Amino acid sequence: MNLDNLARIDLNLLVILQVLLEERSVTRAASRLHLSQSALSKSLSRLRDTLGDPLFIRTAHGLKPTAHAMQLSQQLPKMLQGLYQLTQAPAFIPATSIRQFSFAMVESAYETLLPYFIGPLLNNAPNLRLDSYLWTNASLSELQLGQLDFGITGRDMHPQSDMIIDRLPEGISHQTLFTDHQVCLVRQGHPLLASIQQGNWDLAVYLSMSHVQVRCEGNEWWALDYHLANLGHRRHLSSTVPDFYGAASICAHSDLIFTLPSSFASHAQKLYSLVQLPLPISFANFAYVLLWHERNQDEPGHKWLRETICQSVAEAVDKSTLADPD
């Protein structure tokens, strides 16, 4: 390492480069960094001179990174995280910490998991700020880029699923919080219930019904749908919605059947007159997992939050109260 050459580089330019890579716009990057557009443009010129590459090409849709800039985008977040950690105290003291952490969680986790760990986190670290966002198909990328600290989502345990745990992107670590299985909900008084009382509940009946489905990371099909397709079957999806509560409401006010995680079903039944039924087909469980980037593996604050979350959920599982925190 040539420290003399490194000393001549303004490391603030690397922060500017990271923001430009994230925003792809001089205007948005300048606003985020509290700089004028003129000052940011000058910094971009210095970056180009320092790195010997144009870095971005202006287009009608904003800044398009060059191949070299895209290569730097794979390394820069980890480097900046390392520099950030150099400026932090070597220990994390929950009682006095004023750190800020960000989460992205699937909607069902807000009901089935958050009640168990939010208290232990804030009771022991009352000055923390915890910013949470809804999990989307961009959340994994945001974890990789360092824009999120943690993710909580469902990952399939079915080997043919694109969302299987073993297929997480490079650099993403995980810890399984608990496993769950799929059940079905129908409204009280549904015509199906009388037939079920006579023992008529199997895959053929299930497939003959119309279904309401929650989109998963923007996809209409879940692992169950791919599994059924491999068997030569397909569900009739009459309605797809973005959230579980919307699907539960539709289920309660129609003859549509709703297939969902068992841990969320009990919450839906508190709000609506719904009857829970077993899924009439053998199908693999899925797991709720905590995700983070490996760059934060040994960072004290991240480590404390991970351990607190995992321990709190594990205690709830041991007490068999996970589906019902009341």
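The values are calculated or read from the model by the stated rules, or taken from the named source; none is laboratory data. On a predicted model such as this, the values are computed, not experimentally measured, just so you know. Heads up, the Cβs are rebuilt from the backbone with ideal geometry, glycines too, and the neighbour counts pull from every protein chain shown. Calculation scope for accessible area: heavy atoms of the full protein, side chains included, ligands and nucleic acids excluded. Shrake-Rupley method; radii C 1.70, N 1.55, O 1.52, S 1.80 Å.
Search the stretch 212-238 for residues that are closer than 20 Å to ILE250 by Cβ and pair each with any residue that is open to solvent by 60 Å² or more (accessible area, probe 1.4 Å) and part of a strand (DSSP E or B) when their beta-carbon atoms are under 7 Å apart and the residues are at least 6 apart or on different chains.
Going by the 7 Å Cβ cut-off, the qualifying pairs are VAL212/SER238.
Step by step: first the residues of the stretch 275-304, then only those that are part of a loop (DSSP other than H, G, I, E, B) and touching a residue at least 60 places away in the same chain (Cβ under 8 Å), then the one that is farthest from ARG235 (Cα to Cα). Which residue is that?
GLU299
What are the residues in the stretch 97-121 that are closer than 13 Å to LEU290 by Cα and among the aliphatic types (A, V, I, L, M), if any?
ALA104, MET105, VAL106, ALA109, LEU113, LEU114
Of the residues that make up the stretch 226-248, is at least one of a type in the set (S, T, N, Q) and part of a loop (DSSP other than H, G, I, E, B)?
Within the stretch 226-248, none of the residues are of a type in the set (S, T, N, Q) and part of a loop (DSSP other than H, G, I, E, B).
In the stretch 246-258, which residues are open to solvent by 40 Å² or more (accessible area, probe 1.4 Å) and either free of Cβ contacts under 8 Å to residues at least 40 places away in the same chain or acidic (Asp, Glu) (or both)?
Once the filter is applied, which keeps residues that are open to solvent by 40 Å² or more (accessible area, probe 1.4 Å) and either free of Cβ contacts under 8 Å to residues at least 40 places away in the same chain or acidic (Asp, Glu) (or both), the stretch 246-258 yields ILE250, ASP255.
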